[in-house]
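The values are calculated or read from the model by the stated rules, or taken from the named source; none is laboratory data. Quantities reported herein were computed from a predicted structural model and do not represent experimental measurements. Cβ placement follows ideal geometry from the backbone for every residue including glycine, while neighbour counts extend to all protein chains displayed.
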Amino acid sequence: MSGHVALAEAQQRLLAIAAPLGVETLPAASCVGRYLAAALTARRTQPAADLSAMDGYAVNGAADGFWRLVGESAAGRPYTIRLAPGEAVRISTGALMPAGAQAVLLQEEAIREQNHIAAIQGAEPSSRHIRRRGFDFIEGDIVLQPGTRIGPAQLALAMVAGHGAASLRVGRRPHVAVIDSGDELASPDTLTWEEHQIPASNGAMIAALAAPFASSVKRLGPVADRMDALADVLARAEEADVIVTSGGASVGDHDLMRPALEAWGATIDFWRVAMKPGKPLLIARKGETIVLGLPGNPVSSYVTAFLFLLPLLRRLAGARAPYPETLYLPLGGDLPMAGPRTEFVRARLVDGALVPLGSQDSSALKALATSDVLIRREIGVPPARAGELVPAYLLDSGTTA
């Protein structure tokens, strides 16, 4: 397709101009959703000693199937005397194994009579119920790689492995400005509008997509399709790291975003990508500011934001893996042969299968709002039948990867 950049090339060219924005140090509890700027090295061994993995009795030896109970080891309150052969202590999950203990007899497999315990018929103590020192990680191990996104589990690991470290070094998040443009757009605060108008919604949608990866999101517009109005709004947005526009990037007489950006001083890197929906996509730069011009149709705007804006924001914030994860899932219905552009089919995930939605129009917000998944169809691939595995993106991965 002459004049159209292939999807993969377009994504690569965008991220090639996007260097991480820098590093800041934050309290660890404030780092959820951020990306580590440096590898996290364990400052301690976990566990620091052998622990019991189950409730029961820690024992030394067999003593003809009986053990003398000499004490208790509870989590946080260890038994500190070495066990002699034939001795046992009551032990809790997570409690320190006493010196001399080689195995744990499970509570439900034990018979206790006063200060003696025995195993029920067919049961015996096992070392499998011991969490050995360092089985999780050892001091000096790299436990999280740079560029890892910190979620609740990563936060817990950082707090345990980085014992004594109250803060983390993470990538700085970008400041984002979102501009709605189009004469047909009415402010969402307007209570009435003419038949030729529609409430501006793309700005809210794009801002919501960007928010988890941005330091701030500033919404501007809706803006009329006039050069002076576009010049004014671009001037108000120029302090942002990323400017996202919606509408005006196509080839119509009133699509003025491209000339407005050039008049503002931006350099157009490329526009028009071989994808459906979302062909009129524009990438530009002015100084350190990256401009992403999305189509005005809401589905096209959403799909291009998912595939370009979110990877861009993740990269700027220091992500190691900025693209959404590709999954291969079975189709719940047939798909025709793909066309001359990479296509993204909206679908529902029903009982583990992808059911394409009936409406694939680029303006169909209701269908978009009921979609769980984007099915990816490469250029010219043959028809796909129900049950066939196809590449797909879970839409939730756009805001949690």
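What number of residues within segment 260-314 satisfy the criterion of being aliphatic (A, V, I, L, M) and in a loop (DSSP other than H, G, I, E, B)? Going through segment 260-314 one residue at a time, the tally reaches 3. Of the residues making up segment 322-348, those that are part of a strand (DSSP E or B) and in contact (Cβ under 8 Å) with a residue 40 or more places away in the chain are L327, Y328, L329, P330, L331, L335, T342, E343, F344, R346, A347. Does L395 satisfy the condition of being farther than 24 Å from V273 by Cα and either more than 24 Å from the chain's Cα centre (by Cα) or surrounded by 14 or more Cβ atoms within 10 Å (Cβ to Cβ) (or both)? The answer is no for L395. Here E388 clears all of (1) more than 20 Å from the chain's Cα centre (by Cα); (2) assigned by TED's automatic domain parsing to the domain that holds V244 except the condition numbered (2).
Within the span defined as segment 346-360, every residue fails to be under 28 Å from S201 (Cα atoms), over 22 Å from the mean Cα position of the chain (by Cα) and at pLDDT 95 or above. From the set of residues in segment 39-81 that are among the aromatic types (F, W, Y) and in contact with a His (Cβ under 8 Å, 6 or more places away or on another chain), which is surrounded by the fewest Cβ atoms within 10 Å (Cβ to Cβ)? My answer is F66. When you check I91 against the structure, is it touching a residue at least 24 places away in the same chain (Cβ under 8 Å), under 30 Å from M159 (Cα atoms), surrounded by 14 or more Cβ atoms within 10 Å (Cβ to Cβ) and not assigned by TED's automatic domain parsing to the domain that holds L157, yes or no? So I91 fits the description; yes. Would you check if A210 is part of a helix (DSSP H, G or I), surrounded by 13 or more Cβ atoms within 10 Å (Cβ to Cβ) and at pLDDT 95 or above? Judged against the criteria, A210 is a match.
In this structure, is I179 within 28 Å of E239 (Cβ to Cβ), under 16 Å from the mean Cα position of the chain (by Cα), crowded, with 19+ Cβ neighbours inside 10 Å and not assigned by TED's automatic domain parsing to the domain that holds T93?
It is false that I179 is within 28 Å of E239 (Cβ to Cβ), under 16 Å from the mean Cα position of the chain (by Cα), crowded, with 19+ Cβ neighbours inside 10 Å and not assigned by TED's automatic domain parsing to the domain that holds T93.
Every test in (1) under 34 Å from the mean Cα position of the chain (by Cα); (2) at pLDDT 95 or above; (3) among the β-branched types (V, I, T) is passed by V59 save one, and that test is (1).
Go over the candidates R90, R133, R173, R82 one by one and state the one that is touching an Asp or Glu at 6+ places or on another chain (Cβ under 8 Å) and in a loop (DSSP other than H, G, I, E, B). Going through R90, R133, R173, R82 in turn, just one is touching an Asp or Glu at 6+ places or on another chain (Cβ under 8 Å) and in a loop (DSSP other than H, G, I, E, B): R133. Evaluating V390 against the criteria (1) surrounded by fewer than 22 Cβ atoms within 10 Å (Cβ to Cβ); (2) part of a helix (DSSP H, G or I) leaves one unmet condition, (2). Of everything in segment 124-140 that is among the charged types (D, E, K, R) and farther than 18 Å from V104 by Cβ, the residue that is surrounded by the most Cβ atoms within 10 Å (Cβ to Cβ) is D136.
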